[in-house]
Amino acid sequence: MKRIVLALIGSLALTGTAAAADLARPAPAPYYKAPVVAPVYNWTGFYIGINGGGGFGRSTWDSTGSFNTSGGLVGGTVGYNYQFGQGVVGLEGDIDWADINGTTNTACPLGCKTSDSWLSTVRGRLGYAADRFMPFITGGAAFGNIKATTPGFIGATNTNAGWTIGAGLEFAIAGNWTAKAEYLYVDLGKFNCGLSCGPFVTDNVSFTTNLVRAGVNYRF
């Protein structure tokens, strides 16, 4: 009888010890899956693209005063960006076919016309990289083919060099593709039309325009 009682006491003691050990064992830590973090977009690299839009501005002849010009343009772009921190510096060039023109009858009954048939710029760019968005400012040289004509006369054509300044926004679409919208003010200076624009005419002809363009680039 005494042996049975001792056996029961021993069994109860072992059971209590095992239970206490189970209670002391900490519960396993919950499993949390680390969130997937998309890599920050990097703007460094060469790119090519297309652009198109419209221009509106003014031309001035000495004899007629200034008058409005307007039209469209489309062409290609090539450039390079280098990103440091959130800053982006770059160089961009473009050349566009253009049809920007205007005519006045002031002191020119038959109509004095100024037109631009192509336009090119070479510009530096300075941007701020907000991941996949990059606002930027830009400025540099501009070149264009300006023609001044009066009906019945040969007219004069000159390739002028000037300057441009502007700003825009570029954003990454998918993969290596980006899209942009920009504004440029372009001043191509002036040239002398001479007698080609009419008898006894020695007009200086100037051309300025405001460009609003959109484009798509592919970065390498």
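The values are calculated or read from the model by the stated rules, or taken from the named source; none is laboratory data. Just so it is clear, the model here is predicted, and its values are computed rather than measured. Cβ: placed from backbone, ideal geometry, glycine included. Neighbour counts: every protein chain shown.
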Can you tell me which of (1) surrounded by fewer than 21 Cβ atoms within 10 Å (Cβ to Cβ); (2) more than 25 Å from the chain's Cα centre (by Cα); (3) aromatic (Phe, Trp, Tyr) is the one residue 61 doesn't meet? (1)
Subset of the stretch 76-127 [within 30 Å of residue 40 (Cβ to Cβ), loosely packed, with under 14 Cβ neighbours inside 10 Å and among the aromatic types (Phe, Trp, Tyr)]: 82, 84
Out of 157, 164, which single residue is polar (S, T, N, Q), within 19 Å of residue 67 (Cα to Cα) and either in a loop (DSSP other than H, G, I, E, B) or in contact (Cβ under 8 Å) with a residue 12 or more places away in the chain (or both)? 157
Using the structure shown, decide if residue 46 is more than 17 Å from residue 125 (Cβ to Cβ), among the aromatic types (Phe, Trp, Tyr), assigned to a strand (DSSP E or B) and touching a residue at least 60 places away in the same chain (Cβ under 8 Å). no
Of all residues in the stretch 65-86, which are closer than 23 Å to residue 207 by Cα, without any contact (Cβ under 8 Å) to a residue 60 or more places away in the chain and not small (Gly, Ala, Ser)? 67, 68, 74
For residue 112, the lone unmet condition from (1) modelled with pLDDT of 95 or more; (2) closer than 18 Å to residue 207 by Cβ; (3) touching a Ser or Thr at 6+ places or on another chain (Cβ under 8 Å) is (1)
I'd like to verify a number: residues in the stretch 131-154 that are within 26 Å of residue 78 (Cβ to Cβ), without any contact (Cβ under 8 Å) to a residue 60 or more places away in the chain and over 14 Å from the mean Cα position of the chain (by Cα), how many? 5
So which residues in the stretch 132-152 are in a loop (DSSP other than H, G, I, E, B) and either buried (at least 22 other Cβ atoms within 10 Å of the Cβ) or modelled with pLDDT under 95 (or both), if there are any at all? 150, 151, 152
Restricting to the stretch 89-120, give me the number of residues that are among the aromatic types (Phe, Trp, Tyr) and in a loop (DSSP other than H, G, I, E, B). 0
